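The values are calculated or read from the model by the stated rules, or taken from the named source; none is laboratory data. Predicted, not measured: the structure shown is a model, and the values here were computed from it. Using ideal geometry, Cβ is built from the backbone for each residue, glycine included, and neighbour counts are taken over all protein chains shown.
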Amino acid sequence: MKDAEQKHLWWQEGVIYQIYPRSYQDSNGDGVGDLQGIIQRLDHIKSLGIKAIWISPIFSSPMADFGYDISDYCDIHPLFGTMDDFDELLQAVHERDMKLILDLVPNHTSDEHPWFKESRSSKDNPKRNWYIWQDANADGSEPNNWLSVFGGSAWEWDEKTGQYYYHAFLKEQPDLNWRNPEVQEAMLNVMRFWLDKGVDGFRVDVMWHMIKDDQLRDNPVNPNYKAHQATYEKLIPAYSTDQPEVHDIVHKMRRVLDSYDERMMIGEIYLPIHKLMTYYGTDKNGAHLPFNFLLLSIDWDATEISSNINQYEGALPDGGWPNWVLGNHDQPRITSRVGKAQARVAAMLLLTLRGTPTIYYGDEIGMRDVPIPPDEIQDPQGLNMPGLNLSRDPQRTPMQWDNSENAGFTQSKPWLRLPEDYRRVNVKAQLEDEFSIYALYKRLIKLRQDEPALHIGSYRPVVATGPLLAYLRYTGEQRFLILLNLSHKPCHFAPEHFSFEGTIVIDTLPEREGGKVRKHVSLSGDEGMIIRLNTA
Ligand code: NOJ
């Protein structure tokens with residue numbers, strides 16, 4: 001069956017928008033964003049054309065990892081508001097015909113979670129086996145060589161009970177033991193709690209970490225490790241991540257979702273394509289969307305991107321729905337990676353590829369990573385490995401709404417500083433500028449949503465040379481040719497075995513829109529265009 005003939009669901013047709021809640025909008029003057037702030041800004045999100053909002057964690061947490069260390073999965077952190085605020089937000093999102101996706105962090109809790117407090121209280125506590133406890137080796141050393149993503153050993157010694165516990169991230173984030181059925185049931189109940197409230201889905205944190213080798217074998221050394229990399233990269237996490245049994249867990253989560261109406265699950269998974277695909281599950285019983293981070297990791301090069309798109313498309317299981325991402329709260333922003341001019345081309349790429357796009361807040365106005373002086377760094381990843389430039393603060397700075405004091409984000413001092421140029425680079429200024437990147441995003445999303453060829457149509461690569469990336473999106477009736485110049489220099493598209501004729505509908509140089517093209521076309525540096533091809 002052709003793509004366009006199948007029934008498509010909201011998470012396939014629509015665009016997802018990620019909010020880092022600390023940085024979206026502060027409503028109570030404490031310098032940190034909150035739920036009421038998000039409610040105030042829902043109309044911005046709606047008018048951009050977004051279908052679903054994913055909010056990074058908003059739950060009770062000591063904030064050692066800014067909310068990814070949860071001490072109560074079913075309550076809201078007072079910094080963000082109350083459960084009433086949450087209910088109001090959910091209702092306000094639904095009233096605007098949008099969906100709400102929460103961040104589920106099942107791999108680890110906070111060390112202040114009552115489950116861990118019990119677990120560490122004594123070796124015979126009923127919750128001891130809810131976490132991963134191990135004896136020391138005879139010489140007192142760690143049970144194996146596993147490393148923490150945030151630096152140092154992944155094992156923390158517990159003086160009181162005389163054992164080590166495992167933490168893939170901070171020592172304040174002990175990993176749950178997902179081999180324990182009680183843990184599984186507890187976390188599935190967390191899902192049910194939010195689904196019963198009407199939440200539309202989850203983005204599942206570090207899905208590929210959830211089960212570890214049952215024999216806890218040593219990870220092999222990474223022969224390609226380079227000194228500028230995080231210390232975690234010294235080993236290949238062959239035994240601490242991506243174990244076959246993880247798929248049973250994902251399947252159990254999926255079953256919970258499937259017992260409700262049209263709910264969905266996105267898995268955060270940093271793995272090569274062939275491994276990523278396994279997270280769709282056999283017979284599509286896994287994640288609806290295993291996050292595809294290809295565009296975050298490969299070089300900004302047409303041949304490289306084109307071949308990765310083709311590999312990804314080719315590897316998708318039957319009925320597996322693709323998705324694309326340009327940024328998130330863990331990665332440098334797209335504008336900082338490829339520059340201002342290419343960020344527009346990147347937007348066109350994201351919004352014309354086949355599959356669900358996720359936009360990171362602020363990318364729609366071309367926000368850049370903000371330089372954070374060393375004495376202001378707050379991210380534990382940056383603090384634990386100083387000198388490696390690994391802090392994620394630069395991509396988590398407050399949303400730049402307008403040119404007023406603190407960019408309209410807060411009435412007081414923002415928790416992270418704003419860039420010097422926020423008075424120029426902000427939503428309000430771009431709303432008034434029809435050539436802004438915001439205007440481009442908005443038009444791209446609208447075209448995508450209006451045209452089945454773009455939101456559910458098929459994808460076919462077109463051979464192009466040099467810096468040009470070219471592909472078709474089509475249904476039975478409509479065909480679009482997308483041409484993206486990934487370089488700053490002009491280039492020419494004159495395919496030998498492909499004849500085309502059509503009208504430019506969106507161009508990063510809007511002056512060209514409406515222009516007719518036939519057989520060949522020249523592009524300026526940093527230009528991208530969407531051509532509606534004439535029907536035969
Ligand atoms: C992935 C999250 O995206 C990241 O921000 C967090 O630090 C780790 N998981 C640990 O939860």
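ASP65 passes every criterion in (1) touching an Asp or Glu at 6+ places or on another chain (Cβ under 9 Å); (2) assigned to a loop (DSSP other than H, G, I, E, B); (3) away from the ligand (no atom under 16 Å from the Cβ); (4) not basic (Lys, Arg) apart from (3).
Scan the stretch 93-123 for residues that are within 16 Å of the ligand (Cβ to nearest atom) and not in a helix (DSSP H, G or I) and the total you get is 13. Taking the stated definitions as given, is ALA346 closer than 14 Å to MET367 by Cα and not assigned by the TED database to the domain that holds SER487? Yes, satisfied. Residues in the stretch 330-351 that are among the small types (Gly, Ala, Ser) and within 15 Å of THR397 (Cβ to Cβ): SER336 only. Can we say PRO332 is touching a residue at least 60 places away in the same chain (Cβ under 8 Å), part of a helix (DSSP H, G or I), within 16 Å of the ligand (Cβ to nearest atom) and at negative phi? The answer is no for PRO332.
Within the stretch 290-310, is even one residue part of a loop (DSSP other than H, G, I, E, B), in contact with a helix residue (DSSP H, G or I) (Cβ under 8 Å, 6 or more places away or on another chain) and of a type in the set (A, V, I, L, M, F, W, C)? Scanning the stretch 290-310 turns up at least one residue that is part of a loop (DSSP other than H, G, I, E, B), in contact with a helix residue (DSSP H, G or I) (Cβ under 8 Å, 6 or more places away or on another chain) and of a type in the set (A, V, I, L, M, F, W, C).
Of the residues contained in the stretch 307-317, none is found to be within 19 Å of the chain's Cα centre (by Cα), buried (at least 21 other Cβ atoms within 10 Å of the Cβ) and within 16 Å of the ligand (Cβ to nearest atom). Scanning for something buried (at least 18 other Cβ atoms within 10 Å of the Cβ) and within 16 Å of the ligand (Cβ to nearest atom), does the stretch 429-442 turn up at least one residue? Checked the stretch 429-442: no residue is buried (at least 18 other Cβ atoms within 10 Å of the Cβ) and within 16 Å of the ligand (Cβ to nearest atom). In the stretch 48-71, the count of residues that are basic (Lys, Arg) and farther than 25 Å from ASP330 by Cα is zero.
Note on the stretch 485-536: residues that are among the hydrophobic types (A, V, I, L, M, F, W, C), over 16 Å from VAL462 (Cβ atoms) and surrounded by fewer than 17 Cβ atoms within 10 Å (Cβ to Cβ) total 3.
Scanning the stretch 373-387 for residues that are in a loop (DSSP other than H, G, I, E, B), surrounded by fewer than 21 Cβ atoms within 10 Å (Cβ to Cβ), within 16 Å of the ligand (Cβ to nearest atom) and not polar (S, T, N, Q) yields ILE377, MET385.
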